[in-house]
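To start, the structure under review is shown below, and the notes come after it.
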Amino acid sequence: MASMVLSMFPFQIDKIYLDEKAQENEISQAVLKSLPHLPVEIVQDKRSLIKQCLPLADSLGEGKRNLFITHFYGKRLKPCPGTSNHICCGYQVINAVTNCPMDCSYCVLQAYLNNPLLTLYSNWDDLLREIEGFLSESPRSLLRLGTGELSDSLALEPIFPISQLLVPFFAEKDNAILELKTKSAEINHLLHLGHRGRTVISWSLNPPEMIEAEERRTASLEERIDAAYQCQEAGYPLGFHFDPIINYDDWEKGYRETVFRLFDRIDPKRVIWISLGGFRYPRELKKIAKERFPQAQIFLGELFPGRDGKFRYLREIRIEMYRKMREWLREVDPGLFIYLCMESKEVWEEVFGWTPSSTGHLNHMFEERVEEFIKKRD
């Protein structure tokens with residue numbers, strides 16, 4: 001097991017619940033050592049623990065302040081769920097953490113998770129063996145895996161050293177690349193690692209006014225850009241995700257300024273990919289989010305159910321936003337690799353003048369892009 005560097009945890013945690021089956025695990029002990037001031041309760045029945053948390057007035061908010069350390073039983077590596085009738089990129093999701101200490105008003109996890117607790121899985125040896133087995137099945141492919149589906153990839157780094165376990169692991173692989181996607185600035189522990197260009201550090205970005213209004217407890221835009229610059233200087237490939245793009249008053253000014261503030265410090269040649277995705281949400285999310293964030297403005301726009309059942313801006317609005325973003329990004333560098341997240345072939349065609357024929361076609365384009373970056377480094 002890799003050695004672990006721990007630092008002060010920036011989020012409020014009130015209590016630790018520790019599964020009795022995970023007590024002696026090295027990860028569990030490291031977390032307890034990093035948070036010695038917190039009360040710890042040993043849990044014998046995790047189902048009863050979750051059941052007693054669910055009736056709380058704001059179980060999701062309370063859950064983010066209570067840390068549950070347990071084993072994960074079952075498969076932890078799964079294809080990105082994507083969305084029906086839309087093109088997906090063929091990404092593989094590593095389930096390392098569930099829930100997030102950040103609190104974005106639009107976070108889909110609010111309508112998805114049946115366990116409100118901030119949950120860390122301690123049996124990392126099992127996870128690494130599962131990933132090893134998966135990669136060995138496709139030795140001639142270039143597979144993309146990431147941890148940012150069920151939690152922020154780096155927010156918990158000071159107490160749960162995901163990067164220090166995964167980055168060296170992927171540095172030894174020739175047929176895979178890891179993406180760590182974040183809204184944090186928790187990168188100090190990354191800078192000393194030998195990564196061999198096999199880990200992409202990526203940031204979700206929005207204009208400062210949207211970060212302040214809708215992305216509570218996340219890093220500011222300037223903090224994210226500064227963190228990306230430091231990772232760039234440490235040799236990491238960078239990714240950026242303008243997702244969700246929000247249609248608000250002065251959105252054009254906000255997003256244009258965000259693009260140029262980003263590339264005032266970041267070398268576009270070091271950016272492996274950029275995604276664009278319009279704000280979208282499942283039907284059940286709006287009620288939950290409005291109860292938790294009564295001041296949120298993001299749900300006030302005109303959004304309508306699409307073919308996948310998710311509420312989205314009208315196609316014409318999405319196309320306009322994507323075209324503007326593409327124009328600003330191409331102004332920075334015509335060679336930037338830009339793709340649409342969970343969009344239809346019709347929208348791709350309207351935005352770029354062409355469309356991937358399938359998810360497999362887009363996945364092949366990613367393979368070529370990764371190979372290009374690896375060759376430049378090697």
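The values are calculated or read from the model by the stated rules, or taken from the named source; none is laboratory data. All values reported here derive from a predicted model rather than from experimental measurement. Positions of Cβ are generated from backbone atoms using ideal geometry, with glycine treated the same way; all protein chains shown enter the neighbour counts.
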Which condition does K310 not pass, out of (1) closer than 16 Å to F240 by Cα; (2) within 24 Å of the chain's Cα centre (by Cα), if it passes all the others? (1)
Give the residue that is surrounded by the fewest Cβ atoms within 10 Å (Cβ to Cβ), with candidates limited to residues of segment 32-68 that are in contact (Cβ under 8 Å) with a residue 60 or more places away in the chain and assigned to a helix (DSSP H, G or I). G61
Out of A228, A213, I need the residue that is under 22 Å from V108 (Cβ atoms) and among the hydrophobic types (A, V, I, L, M, F, W, C). Which one? A213
Give the residue, chosen from G74, G61, that is modelled with pLDDT under 95 and under 30 Å from I246 (Cα atoms). G61
Which numbered condition trips up L336, out of (1) touching a helix residue (DSSP H, G or I) at 6+ places or on another chain (Cβ under 7 Å); (2) in a helix (DSSP H, G or I); (3) not charged (D, E, K, R)? (2)
Scan segment 57-99 residue by residue and report those that are farther than 24 Å from L178 by Cα, of a type in the set (G, A, S) and touching a helix residue (DSSP H, G or I) at 6+ places or on another chain (Cβ under 9 Å). S59, G61, G63
Between L120, L143, L165, which is crowded, with 16+ Cβ neighbours inside 10 Å, closer than 30 Å to K286 by Cα, hydrophobic (A, V, I, L, M, F, W, C) and within 19 Å of the chain's Cα centre (by Cα)? L120
Do any residues in segment 289-311 that are free of Cβ contacts under 8 Å to residues at least 60 places away in the same chain and surrounded by fewer than 17 Cβ atoms within 10 Å (Cβ to Cβ) have Cβ atoms under 6 Å from those of residues that are assigned to a loop (DSSP other than H, G, I, E, B) and of a type outside the set (D, E, K, R), where the two are at least six apart or on different chains, and which pairs are they? G301/N247
The lone condition Y339 fails out of (1) of a type in the set (S, T, Y); (2) touching a strand residue (DSSP E or B) at 6+ places or on another chain (Cβ under 6 Å); (3) more than 28 Å from N175 (Cβ to Cβ) is (3)
Every residue from segment 87-102 that is part of a loop (DSSP other than H, G, I, E, B) and out of contact with any Lys or Arg (no Cβ under 6 Å at 6 or more places or on another chain): C88, C89, G90, A96, N99, C100
Over segment 108-120, the set of residues in contact with a strand residue (DSSP E or B) (Cβ under 9 Å, 6 or more places away or on another chain) and either among the hydroxyl-bearing types (S, T, Y) or assigned to a loop (DSSP other than H, G, I, E, B) (or both) is L113, N115, P116, L117, T119
Taking segment 310-333 and keeping only residues that are in a loop (DSSP other than H, G, I, E, B) and in contact with a helix residue (DSSP H, G or I) (Cβ under 7 Å, 6 or more places away or on another chain), one is left with D333
Looking at E179, E157, E186 in this structure, which one is in contact with a Pro (Cβ under 8 Å, 6 or more places away or on another chain), crowded, with 19+ Cβ neighbours inside 10 Å, in contact (Cβ under 8 Å) with a residue 24 or more places away in the chain and acidic (D, E)? E186
